[in-house]
Amino acid sequence: MFDSITGSIRSAVNKIRHKDDVASLKKAITELKKSLLKADVHHKTTKELVTAVEIETKNNGIGQDSFLNALKDELTKLLTTEGNQGFVFSNTPPTTILMTGLQGSGKTTTTGKLANYLKLRKKKVLVAAADLQRLAAVEQLKQIAAQIEVDVYFDDNETNPIKIARAAQEKARTEHYDVLLIDTAGRLAIDEELMTQLEDVRDSVKPDEIFYVADSLTGHDATKTATSFKEKIGIDGVILSKYDGDTKGGVALSIANQVGVPLRFIGTGEKMPDLEVFIPDRIVSRLMGAGDIEGLAEKTSAIIDEKKAKEVTKKIKKGEFNFNDFLDQLAMMSKLGSMKSIIGMIPGLSQMAGPLKDMDFENSDEIKRIKALIGSMTPKEREQPSLMNPSRKRRISKGSGLSEMQINKILKQFKNASKMAKKLSSKGGMKGLQNMMSQMGPGGMPKIPR
């Protein structure tokens, strides 16, 4: 997600080869400035950042370490804006959040992602369909709510969004919801009618906070529109959507600094779990190539059943990992979101994970074939993969639509994966994990030795 900027930082650092070399620092600063502007960081933000980095590096003695420390300090200052971080609950439930943004920014999808994020943290969430401007918005929110299994409030006979918002808030209060997310109307561009409607809804429900959903693909326009919303209705935070599609990525570095409100979350993929809380020091750690172990732990703790995880670890160590365990792990991994964002949190892996970054735990051809194979097995075969013999494989081939050659290949991959996992669990540490990654094939499964 931050690969482009991280690569630019690495390139700038490499320009400083000797201590107290002013010329090399100048080259590094020039390289950093060009890279940040190319990455779509706002020109004013870029100028402030590189100037501060240069001054601090000179004060502490020119060298790679002092340059990196200065850059880390200034990036953290840049991304830290007065206001809340992540999601903050009010003292009196329900915490009411007004979701605002222009049409096409991903506002309704982001509302669903935020609801899913909260649900995974054991919160009772209600989403309200108050976007009556776009014809498909209400139906879209209904479908998303059904997908993530949260409640949705809507009224197909009501044309006044204020009444929808009020009724939803009353339902949230009386039925003891922890959080109410109100999806409001957007427009293709900012206009007086839109702002008046949002002001009326805001004044009616008095939300705890107002989030603005900005489309990262619009670059500097995202900053401009967020600033307009802040001036006209007031916003408490920005959620940057579609960040996975923004190859430049610089808007995340400048939006909080330019708008003056904190960036609270970023959308890192198309799936519902692909929403990450934006904590400045964690993001800086990733930008510097050091990963985000704390963020990874927070993300996985909301998904992983600790008791079950310990049971699986024991089975792996004993070499007893079976196909039922595999399906359980697959379901768990799909809740974490895209593999790309997970790998970016692990120090040293973002640059070497290769094809595993693009692994889709639900829709890849490899996973579909494995699921077809497991679906054609008996319960006993799933528990004991060693039972596989030619006659069983022929029966599974007919049931799954896979050739016996494909079945043999998958079984061999599964056997290799179990061995690899056992080896990793005994060796432990990052080195073992990196060795495992280097042995991954194109589908995210282990390579088969020739």
Candidate set from region 386-396 (those that are within 16 Å of Phe323 (Cβ to Cβ) and part of a helix (DSSP H, G or I)); member that is least open to solvent (accessible area, probe 1.4 Å):
Ile396
Could you check region 12-29 and list, in sequence order, the residues that are at pLDDT 80 or above and open to solvent by 40 Å² or more (accessible area, probe 1.4 Å)?
Asn14, Lys15, Asp21, Val22, Ala23, Lys26, Lys27
Name the single residue that is farthest from Met272 (Cα to Cα) among those in region 120-152 being touching a helix residue (DSSP H, G or I) at 6+ places or on another chain (Cβ under 6 Å) and open to solvent by 50 Å² or more (accessible area, probe 1.4 Å).
Leu132
Per the list (1) over 20 Å from Thr227 (Cβ atoms); (2) modelled with pLDDT of 90 or more; (3) of a type outside the set (D, E, K, R); (4) in contact with a Leu (Cβ under 8 Å, 6 or more places away or on another chain), residue check on Leu32 breaks on (2)
Taking region 1-58, which residues are within 16 Å of Glu74 (Cβ to Cβ) and among the basic types (Lys, Arg)?
Lys33, Lys44, Lys47, Lys58
Ala372 - would you say it is small (Gly, Ala, Ser), modelled with pLDDT under 75 and surrounded by fewer than 18 Cβ atoms within 10 Å (Cβ to Cβ)?
no
Identify all residues within region 48-76 that are without any contact (Cβ under 8 Å) to a residue 12 or more places away in the chain and among the charged types (D, E, K, R); write none if there are none.
Asp65
Among the residues of region 407-415, are any part of a helix (DSSP H, G or I), open to solvent by less than 30 Å² (accessible area, probe 1.4 Å) and in contact with a strand residue (DSSP E or B) (Cβ under 7 Å, 6 or more places away or on another chain)?
yes
Do you know which of the residues in region 301-325 that are open to solvent by less than 30 Å² (accessible area, probe 1.4 Å) and part of a helix (DSSP H, G or I) is modelled with the lowest pLDDT?
Val312
Positions within region 8-45 being free of Cβ contacts under 8 Å to residues at least 24 places away in the same chain and of a type in the set (Ser, Thr, Tyr), in sequence order:
Thr30
Cβ-Cβ under 7 Å pairs, at least 6 apart or on other chains, region 136-153 side outside any helix (DSSP H, G or I), far side of a type in the set (Lys, Arg)
Val150/Lys119; Val152/Lys142; Tyr153/Lys171
Regarding region 36-53, can at least one residue be identified that is more than 24 Å from the chain's Cα centre (by Cα), crowded, with 21+ Cβ neighbours inside 10 Å and not β-branched (Val, Ile, Thr)?
yes
Residue match in region 212-235 (condition: in contact (Cβ under 8 Å) with a residue 24 or more places away in the chain, within 30 Å of Pro280 (Cα to Cα), touching a Leu at 6+ places or on another chain (Cβ under 7 Å) and crowded, with 22+ Cβ neighbours inside 10 Å)
yes
For a quick check of your reading of the model, give me the residue pairs whose first member lies in region 362-390 and is touching a residue at least 12 places away in the same chain (Cβ under 8 Å), whose second is of a type in the set (Gly, Ala, Ser), with beta-carbon atoms closer than 6 Å and at least 6 apart or on different chains.
Glu362/Ser334; Glu366/Gly443; Ala372/Ser400; Leu373/Ser400; Ser376/Gly399; Ser376/Ser400
Elements of type helices (runs of 4 or more DSSP H) in region 34-127, at least 2 residues being under 18 Å from Ser24 (Cα atoms) and not acidic (Asp, Glu)
43-60, 64-79
Asp65: open to solvent by 90 Å² or more (accessible area, probe 1.4 Å) and either at pLDDT below 90 or touching a His at 6+ places or on another chain (Cβ under 9 Å) (or both), yes or no?
yes
Test Met420 against the criterion of being surrounded by 15 or more Cβ atoms within 10 Å (Cβ to Cβ), within 30 Å of Gly7 (Cβ to Cβ) and at pLDDT below 70, and give yes or no.
yes
Please go through region 168-183 and give me each residue that is open to solvent by less than 60 Å² (accessible area, probe 1.4 Å) and either in contact with a helix residue (DSSP H, G or I) (Cβ under 6 Å, 6 or more places away or on another chain) or farther than 21 Å from Leu135 by Cβ (or both), ordered by number.
Gln169, Lys171, Ala172, Tyr177, Asp178, Val179, Leu180, Leu181, Ile182, Asp183
Of all residues in region 154-164, how many are outside any loop (DSSP other than H, G, I, E, B) and open to solvent by 30 Å² or more (accessible area, probe 1.4 Å)?
2
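The values are calculated or read from the model by the stated rules, or taken from the named source; none is laboratory data. Because the structure is a prediction, the values reported are computed rather than measured. Reconstructed Cβ throughout: ideal geometry from the backbone, glycine too, with neighbour counts over all protein chains shown. In case anyone asks, the SASA skips ligands and DNA or RNA and just uses the protein heavy atoms, side chains included. Shrake-Rupley method; radii C 1.70, N 1.55, O 1.52, S 1.80 Å.
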